[in-house]
Amino acid sequence: MADATELAPPTVRRSWWTRLPVVSQLRQSIGLQRGMLIAGLVLAAIFVLAAVFAPLLAPYGYSQLRDAAGTFGAQQPPSAEHLLGTTVGGYDVLSRVIWGSRTALLVIVVAVTASILVGVLLGLISGYFGGWLDRVLVMIADAIYAFPSLLLAIVLAIVISGGQSSMWGGIFAAALSITVIFIPQYLRVTRSEVIRIKSEAFVESARVIGAGHVRIMSRHVLRNSTRTLPLILTLNASEAILTLAGLGFLGFGIEPTAAAEWGYDLNKSLSDVTAGIWWTSIFPGLAIVLVVLGLTLVGESLNDLADPRLRKRAAGPEPVEDLGVELPAGQQEGEQR
Amino acid sequence: MKDVVEITDLAVSFATDAGQVQAVDGVTLSVHPGEVLAVVGESGSGKTVTAKTILGLLPETARVRGAVVLSSKDGTTEGDVAQMSAARLRQVRGRDAAMVFQEPSTALNPVYPVGWQIIEGLRAHGRYTRAEARAEAIDVLRRVGIPDPEERIDHYPHQFSGGQKQRIVIAQALVLDPGVIVADEPTTALDVTVQAEILDLLRRCRDEFGAAVVLITHNMGVVADLADRVAVMYQGKLVEQADVRTLFSAPKEPYTQQLLAAVPRIGEGLARAHERAARRPEGWEEQAPVVRARDLRIVYPGRFRQPDFVAVDGVSLSIRPGEVLGLVGESGSGKTTIGRAMAGLTRVAGGSLEVLGVELRGVRERTFRPVRSKIGFVFQDPATSFNPLLTIAECVAEPLVVHGRAENAADARGRVDELLEAVQLPRAFGARFPHELSGGQRQRASLARALALDPELLIADEPTSALDVSVQARVLDLFDELHRELEFAALFISHDLAVVDMLADRIAVLHRGRLVEEGTGDQVLGSPREPYTQRLLASLPVPDPVEQAERRAQWQRLRGAGA
C-alpha cells in the first residue's frame with residue numbers, strides 16, 4: 001500500500017473491459033466462488049453460442065421431417081444419422097434441442113429488456129417523488145406478487161396470442177407474461193436504491209446548485225441505483241426459461257412448425273418415458289437444467305461477490321493524504337519495500 | 001513495578017485484493033501501571049489497530065507479528081496476546097484489559113437493561129449470586145457518576161443521554177477492575193461539554209481505580225488534558241514517544257511539530273478578523289445584508305401523533321456582504337438546520353428568512369432557483385457529496401451546466417481548471433473520480449464546486465469536521481485565502497470554537513435551537529456574557545498541558561457554580 005505516495009496516488013486506470021460488470025467480478029473472485037462463476041459462464045456461453053449459430057450447428061431444421069433419404073421415422077433410437085434419435089412426431093432430437101436454445105434466448109432477451117425498461121423507470125419515479133404515486137405502484141406490485149406466476153403467464157399467453165401459436169406470437173406471449181411478473185422485482189429494487197441515493201449528500205448538493213428534477217434523476221440518481229441490476233438480471237433469465245418451458249409443457253407454447261421449444265418436446269415425450277424411449281425426454285430436459293443451472297450459477301456468484309466486504313477490498317488502498325511532511329530518509333526506504 | 005502491556009516489534013498487515021496492506025510496522029511500546037498513555041495520529045496511522053491487538057480484537061484477515069505481552073494487575077499472570085488461544089483470550093479480556101468504544105450508543109445492546117450488561121461481564125469471569133452481582137453493578141455505576149444507581153440499573157440504554165451511556169460503557173470496563181483500559185476515541189462522538197466530564201471520569205479511572213488507560217485519539221486538546229505520556233504514530237510507525245509536557249513544549253520529530261502546529265488554537269483568528277475589519281470601506285455596516293433572519297422558526301413535523309420537533313426557535317441574525325458569520329453549537333442545537341434553510345433545503349415554518357432579497361418562508365422553487373446560482377454550499381462529508389460516477393471535473397462543472405453558463409462538462413473545462421487551480425489542486429485531478437482523491441483533496445474540490453458560479457453567499461456546513469487536523473489546517477487556510485480574494489459572505493457552521501474563531505468576523509452561539517450569544521470574536525471568545533458560552537469555552541481542551549491544567553480548574557469552578 002503505502003509505497004511512495006507522498007503526493008496523490010497515480011491515476012493508473014485498468015483497461016475498460018476489466019471494469020465491465022461480469023469481468024471485474026471474475027477478476028476479483030477466488031477459490032470455489034471462482035469455479036462456480038466460471039462453470040456458470042461456460043454453460044451460459046455454450047447456450048448463447050448454440051442459439052446464435054443454430055443454423056450451422058443443427059444437422060436438420062427444427063420442423064424437418066424428411067431428407068433426401070426419405071422420412072426420419074418416429075421414435076428412432078440414436079444412430080449415425082440422428083445422433084440423439086427422433087421424437088414421436090418424427091423430428092430430429094438434436095436439431096430440436098439446438099434450435100430450442102434460440103427460442104429460449106429470444107424470450108429471455110425480450111422479457112428482461114422489457115421488464116428492466118419499465119421496472120427501472122417506474123421504480124425511479126416512484127422512489128424519487130414518493131407520495132401517493134409511490135404507494136399505488138407499490139400496492140400494485142405487491143398484488144402481482146400474490147398471483148402464481150405461471151397462472152398469470154397462461155392468462156397473458158391466451159390474451160396475447162389468442163390461441164394462435166406462431167413463432168413471434170409465442171415468443172412475445174411468453175416474454176411479456178414473464179415481463180409482467182418481473183416488473184415488480186425491478187421496481188422494488190430500483191425504488192429502494194433510489195430512496196437511499198436520494199438522501200445522499202451529492203443529490204442534495206445537486207439540489208443546492210439548482211438542478212431540475214429530470215437532471216437529478218437521470219444524471220445523479222439513476223446511474224447510481226442500477227448497481228444490483230446485473231444480479232437480478234441473471235437470476236431472472238433462468239426464471240424466464242423455466243416459465244417458458246412451463247408454458248410449453250402445459251400446451252401454451254409454440255407449435256413445432258413455428259419454432260423449436262423444449263417445453264413442448266418434453267410434453268410430447270411424456271408417453272415415451274413409460275415405453276422405455278429415453279432419448280426424447282432426457283435431452284430437452286437436460287438442456288433446460290443446464291441452462292438454468294448455468295445462469296443461476298452466474299447470478300449467485302455475482303450476488304456473493306457483491307458482498308460489501310469483498311467489494312471494499314477491490315477498491316484498493318485509501319488514498320494517502322498529502323501532509324507536506326518530509327519524512328526521514330530511512331523511513332522512506334522502509335515504505336518502498 | 002512491571003508494565004501492564006509490553007508491545008515488542010509489533011507488525012500487523014491485512015490481506016486485501018490489492019495485496020498485503022501494512023497497517024502497523026515495527027511498533028514497540030509499553031504501558032506502565034496506573035498511567036494514561038495517549039496514542040495519537042491521524043486516520044490510517046494504525047493507532048486503533050495497535051490498541052486493538054492488546055485485546056486480540058483484530059479481524060481474521062489480519063496477520064500479526066511480534067509480541068503483545070499483557071500482565072494482570074497484580075502481576076501474577078502474563079501472556080502473549082498474539083499467541084493466545086481463544087479460550088485464554090476470553091479469560092484475559094475484561095479481567096486484564098477492557099475496552100471503551102467510540103460510539104456509546106452502539107456499544108450497548110438496546111434490548112437489555114444496562115445493569116444486565118454490566119453483570120454479564122462479571123458472570124463471564126467468576127461465580128456471583130444474583131444479589132452480589134447486582135450490588136457490584138450498582139456500586140460501579142455509582143462510582144462512574146450515574147445518579148440513583150439502585151433505580152437506574154434496570155433502565156435501558158435509550159433512557160440515558162449520550163454522556164451517561166459513555167459512563168456506563170466505562171463502568172462495564174471498570175467492573176472487573178482491569179489493569180488496563182483501552183479507550184478508542186472515547187469522546188469523539190460527544191459534545192464538548194460532555195467530553196470534559198468524560199475526560200474527568202477517565203482521569204478518575206486512573207486515580208481511584210488504579211487502571212492504566214491507553215487513550216487513542218486524534219484530538220491534541222484531549223491529549224493535553226488527560227495523558228501522562230504520548231506516543232505519536234504516522235503511517236503505521238511510531239514516530240515519537242515522550243512525556244506529555246516534553247512533547248508539547250519540545251517536539252523532536254518534524255511530523256510531531258507539524259501536527260502540533262496544525263491544531264487550531266483560540267485567539268489565533270482575532271488578528272485576521274481585525275485586519276479584515278480595518279480593510280473594509282466606510283459605510284460598510286449600512287449595506288443591505290445578504291441574509292437576514294428574524295424570529296426564524298424551523299419545525300420538523302412529528303410522525304405518528306408525536307409532537308413536532310422545533311429545531312430552531314426565534315433566531316435573528318444577519319450576514320452582511322463579505323462577512324463571515326461563524327455559527328457554533330453542540331449537536332442538536334439547530335446550526336445545520338439554519339444552514340440548510342438558507343440553501344432552501346429545509347422549509348421555514350415561522351418568522352422570516354431573507355436570502356439575497358428573496359423571502360424563503362413559503363417560497364416556490366421556481367422563484368428561488370435563479371437565486372441558487374448565487375449560493376455555494378460545502379457539505380460536511382466530502383466522501384458522499386460527490387457523485388461517485390462522475391469525474392471531479394464533471395462534478396465541478398455541474399453548477400455551470402445547470403445554470404446555462406456552459407453547454408456541457410467539456411465546454412466548462414477552462415473554468416473548471418481555473419477553479420481547481422484556485423483551490424490548489426493540479427489540473428490533472430479533473431480527470432479523476434472522487435474515490436481517487438483523499439479527504440482533504442475532495443473537500444478542496446467541493447470548495448471549487450461551491451465557488452464555480454462566483455457566489456455572493458457561501459454556506460459551509462462543518463466542512464472540516466471529517467478531516468484530520470493537519471488537513472483541516474490546510475483547508476481552513478485555503479478558505480481564508482479565497483475569502484480574501486473573492487469577498488463572498490459566508491455562513492461557517494462548526495461545533496469547534498477554535499475553528500470558527502480562525503475564520504469568522506462574528507460568532508453566533510446556538511443552544512437548543514435558540515441564539516444564546518452573538519458578537520465579534522473578541523466579545524464572544526474574549527469575554528463571554530452568557531453562562532452557556534462560558535461553559536462551552538471552558539470545556540474546550542487546549543493543546544497545552546500546562547494551560548489546560550489551569551483551564552480545568554476553572555471549568556471545575558464553573559461546574560460547581562452551575563450545579
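Observations on the model:
- Total formal charge among the other residues, if their Cβ is under 9 angstrom from that of B:GLU197, Lys/Arg +1 and Asp/Glu -1: +1
- Here the spin labels are modelled as points 7 Å beyond Cα on the Cα-Cβ line, and at A:ALA143 and A:ILE160 they lie 2.1 nm apart.
- Net charge of neighbours whose Cβ lies under 9 Å from the Cβ of B:THR28, counting Lys and Arg as +1 and Asp and Glu as -1: -2
- Estimated distance in nm for a label pair at B:HIS155 and B:THR246, the labels positioned 7 Å out from Cα along Cα-to-Cβ: 4.5 nm
- J(HN,Hα) series, region A:67-79, from Karplus relation 6.51 cos²θ - 1.76 cosθ + 1.60, nearest Hz, glycine and proline x: 10, 4, 8, x, 5, 6, x, 8, 6, 6, x, x, 8
- Here the peptides A:35-42, B:408-415 are ranked by packing, the mean other Cβ count within 10 Å, and the order with the highest first is A:35-42, B:408-415.
- Members of B:LYS73/B:LYS252; B:LYS73/B:LYS237; B:LYS165/B:LYS237; B:LYS47/B:LYS252 lying beyond 24 Å, as alpha-carbon distances in this model show: B:LYS73/B:LYS252; B:LYS73/B:LYS237; B:LYS165/B:LYS237
- Residue order, fewest to most surrounding Cβ atoms within 10 angstrom, among B:TRP555, B:TRP284, B:TRP116: B:TRP284, B:TRP116, B:TRP555
- Taking Cβ atoms as reference points and 13 Å as the exclusive limit, the residues near B:ALA86 contribute a net charge of +2, counting Lys and Arg as +1 and Asp and Glu as -1.
- Restricting attention to the protein assembly as shown, close to 55% of DSSP beta bridges with both partner residues there are antiparallel.
- Using a Förster distance of 56 Å, the FRET efficiency for B:ALA428-A:THR71 (Cβ separation, nearest 0.05): 0.15
- Of A:LEU152, A:LEU295, the sequence from fewest to most neighbouring Cβ atoms within 10 angstrom is A:LEU152, A:LEU295.
- Within 10 Å of each Cβ in A:210-217, the average number of Cβ atoms from other chains: 4
- The protein assembly as shown, helix-only ellipticity at 222 nm - DSSP H runs n ≥ 4, -39,500 (n - 2.57), divided by all residues, nearest 500: -15000 deg cm²/dmol
- Shielding score for B:380-387, defined as the mean number of other chain Cβ atoms within 10 Å: 5
- Cα→Cβ-extended label distance, 7 Å offset, between B:ASP177 and B:ALA15, nm: 4.3 nm
- Debye intensity ratio in log₁₀ form over the Cα atoms of region B:385-453, taken at each q of 0.12 Å⁻¹: -0.23
- Cα gyration tensor shape for region B:258-324, rounded if a/c is under 1.5, else prolate or oblate: oblate
- With Cα atoms, 0 to 90° folded angle of helix B:192-209 axis to chain B main axis: 10 degrees
We did not get these values from a lab; they are worked out from the coordinates using the rules stated. Source: prediction; values computed, not measured. Ideal geometry is used to build each Cβ from the backbone, glycine not excepted, and the neighbour counts take in all protein chains shown.
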